[in-house]
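Down below is the structure, laid out as structure tokens.
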Amino acid sequence: MRIVFIFFSLLMLANTAQAKELQAVQIYTDNQLLELIKENKHLSQVVIDDCQLVQDIEARALKAKMPSYQFLWGDMLAYGVCIKKDVPLGLHYMQLSANQGLPEALEQIGRYHHIGKFMQVDIDKAIIYLKEAAILNNLKAQIRLAEIYQQGLGSPLDYPELYSLLHHAVTDDKPTHKKITVLLADLAEKMPTHVVNQAKKQRY
């Protein structure tokens, strides 16, 4: 009797394990993936899903050429998540995503140029990408760009536009709000009062 009980127990465990294996992970919708990217959870989610979606992600990046999936595929390649690490190819797909105007891709490439991640520091290129992302309301890009301007880099002609973007930025994160306040004060010191007032009224 004991042997029969053990047999059925093992059979149930095997069936449970098999059922778990058969539970297919659904591919992310574009909106779901964009939210994951904005929260910087896209790579961890791929790992959480046991790397089951690698082929689907690759197909949407290479064949469908969806910018969100090009960005995800590029990040996976650059950091070796669920696939063999290939930094140049990863940067290639991030660039394709940026070329399609994905703000997160523009911000990330701009940040890499700024800090020298995977490439040499190039402030001029960093500013180009960050400006594009900033105009598309990427707050991380706006803040980084303001920090670059704070160092006396970039063109003073661009200060009013960034001031306006930061002035109208919305965030419920207190440290970020405080940082924006400091950056706005610094930008205001670099411009005539009437230019600051105009920037407050104008929306880009």
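The values are calculated or read from the model by the stated rules, or taken from the named source; none is laboratory data. All figures in this text were calculated on a predicted structure; none of them were measured in a lab. Cβ placement follows ideal geometry from the backbone for every residue including glycine, while neighbour counts extend to all protein chains displayed. What goes into the accessible areas is simple: the full protein's heavy atoms, side chains included, and nothing from ligands, DNA or RNA. Shrake-Rupley method; radii C 1.70, N 1.55, O 1.52, S 1.80 Å.
Residues 83, 128: which one is touching a helix residue (DSSP H, G or I) at 6+ places or on another chain (Cβ under 9 Å) and in a loop (DSSP other than H, G, I, E, B)?
Values: 128 fails: in a loop (DSSP other than H, G, I, E, B).
Of the residues listed, the single one that is touching a helix residue (DSSP H, G or I) at 6+ places or on another chain (Cβ under 9 Å) and in a loop (DSSP other than H, G, I, E, B) is 83.
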Subject >> The listed residue being under 14 Å from the mean Cα position of the chain (by Cα) and either in a helix (DSSP H, G or I) or aliphatic (A, V, I, L, M) (or both), out of 110, 101 >> reply: 110
Subject >> Within region 149-204, helices (runs of 4 or more DSSP H) holding 3 or more residues that are farther than 16 Å from residue 131 by Cα and without any contact (Cβ under 8 Å) to a residue 12 or more places away in the chain >> reply: 174-189, 193-201
**OP:** Could you tell me which numbered condition residue 40 fails, if it satisfies all but one of (1) open to solvent by 70 Å² or more (accessible area, probe 1.4 Å); (2) under 21 Å from residue 140 (Cβ atoms); (3) modelled with pLDDT under 95; (4) in a helix (DSSP H, G or I)?
**Re:** (4)
Original post:
Which number in (1) in contact (Cβ under 8 Å) with a residue 40 or more places away in the chain; (2) open to solvent by less than 20 Å² (accessible area, probe 1.4 Å) marks the one condition that residue 74 misses?
Top reply: (1)
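Just name the residue that is nearest to residue 161 (Cα to Cα) out of those in region 113-125 that are part of a helix (DSSP H, G or I) and open to solvent by less than 60 Å² (accessible area, probe 1.4 Å).
Residues of region 113-125 that are part of a helix (DSSP H, G or I), as a first pass: 113-115, 123-125.
Adding the requirement that they be open to solvent by less than 60 Å² (accessible area, probe 1.4 Å) leaves 113-114, 123.
Values: 113: 22, 114: 20, 123: 19 Å.
Among them, the one singled out is 123.
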